[in-house]
Amino acid sequence: MIASKLAVALSAMLLTASLPAAAAEAPQNFAVLDTPAALPEISFADAAGQPKTLADYSGKVVLLNIWATWCGPCRKEMPTLDRLQAKLGGLDFEVVALSMDRKGPDVVKKFFAETGVMHLALNIDTSAQAMFTLGAVGLPMTLLIDGQEKEIGRLIGPAEWDAPDMVDFIRARIADDQKEK
C-alpha cells in the first residue's frame, strides 16, 4: 500500500517536472497567435538617422515596443523595458523601443537621460507610419517577433516587462526560437 502511494507520488512528480512551467505561459493581456504571422515591412531610423527595418534583427527574438515620450503609460513602462534589455538582451534577443515622436530624436535622448534608460537603442519613426502599418490602436503597443521576423503575439497597453512572469515567458520564446534554428 505504501509502495503504491509512493509510486503514484513519484509518477506525479515526474509528470509535472516534464511539463512546461506555468510561468512560461503568456502573461495577462498578452495575445499569442496560434501560428506566427508575417509582418508588414516597416522602416525607421536609429539615433544617427540611419535607416533600419525589422530585417536588421533577423535571427533574434525581438520585443518591438511602439511608444512616444508624450504617452504617460509609455513613459512609465520604458524603465521596465530597459531592465528587460539589460537582463536578456544579446545575440538571441533585443528590445526595440520604437518612438513615434514627431519632434525627432532629441526629445527621446532627453527622456532617456531623465529616466536613466541606458540599455535601449534609440529608434524613431517621426512619420508614425509604423504604428499604423502594424495596426496599433493606441500606445503603447508591443509585438513579440521570432527570429524569422514573424509575430508571435502582442500586448496593447503598458506592462511590467521585467516582472518575473514576463521574463520567464520571453525566455521560453527565446528557447523555442533557438530550437527551430
Specify the inter-centroid distance of the stretch 135-181 and the stretch 81-101, based on alpha-carbon positions, in whole Å.
11
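Under the rule a/c < 1.5 gives rounded, and otherwise a/b versus b/c splits prolate from oblate, where does the stretch 109-178 land using the Cα gyration tensor? Write down the numbers at each step before the final one.
Numbers: a/c = 1.75, a/b = 1.20, b/c = 1.45.
It comes out oblate by the Cα gyration axes.
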Mind ordering 79-92, 38-51, 105-118 by average Cβ neighbours within 10 Å, highest first?
79-92, 105-118, 38-51
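What does the charge count around M166 come to, taking other residues whose C-beta lies under 12 Å from its C-beta (Lys +1, Arg +1, Asp -1, Glu -1)?
With Lys, Arg at +1 and Asp, Glu at -1, the net is -2.
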Restricting the count to DSSP beta bridges whose residues both fall in the stretch 41-181, what percent are antiparallel, rounded to a multiple of 5?
60
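Near G89, within a Cβ-to-Cβ distance under 13 Å, what is the net charge of the other residues, with Lys and Arg +1 and Asp and Glu -1? It would help to have the intermediate numbers written out before the result.
Values: positive: K60, R83, K87, R171; negative: D82, D92, E94, D162.
Here the count lands on 0.
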Based on Cβ point charges of +1 for Lys and Arg and -1 for Asp and Glu, what charge dipole magnitude is obtained for the chain about its Cα centre, in debye rounded to the nearest 20?
260
How far is helix 72-88 tilted off the main Cα axis of the chain, in degrees rounded to 10, range 0 to 90?
60
Place a point 7 Å from Cα of S58 in the direction of its Cβ. Which residues in the stretch 119-160 have their backbone N less than 17 Å from it?
145-151
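Rule-of-thumb check for the stretch 39-126: C-alpha Rg over 2.2 N^0.38 Å? It would help to have the intermediate numbers written out before the result.
Working: Rg = 12.2 Å, N = 88, 2.2 N^0.38 = 12.1 Å.
Cα Rg divided by the expected 2.2 N^0.38 Å: 1.02.
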Accessible surface of the chain, 1.4 Å probe, proportion on carbon and sulfur as whole %
58
Hey, what number do you get for the chain at 222 nm if only DSSP H runs of n ≥ 4 count, each worth -39500 (n - 2.57), divided across all residues, to the nearest 500?
-12000 deg cm²/dmol
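The values are calculated or read from the model by the stated rules, or taken from the named source; none is laboratory data. Quick caveat: nothing in here was measured; it's all calculated off a predicted structure. Note that we place each Cβ from the backbone using ideal geometry, even for glycine, and neighbour counts take in every protein chain shown. Ligands, DNA and RNA are excluded from the accessible area calculation, which covers all protein heavy atoms including side chains. Shrake-Rupley method; radii C 1.70, N 1.55, O 1.52, S 1.80 Å.
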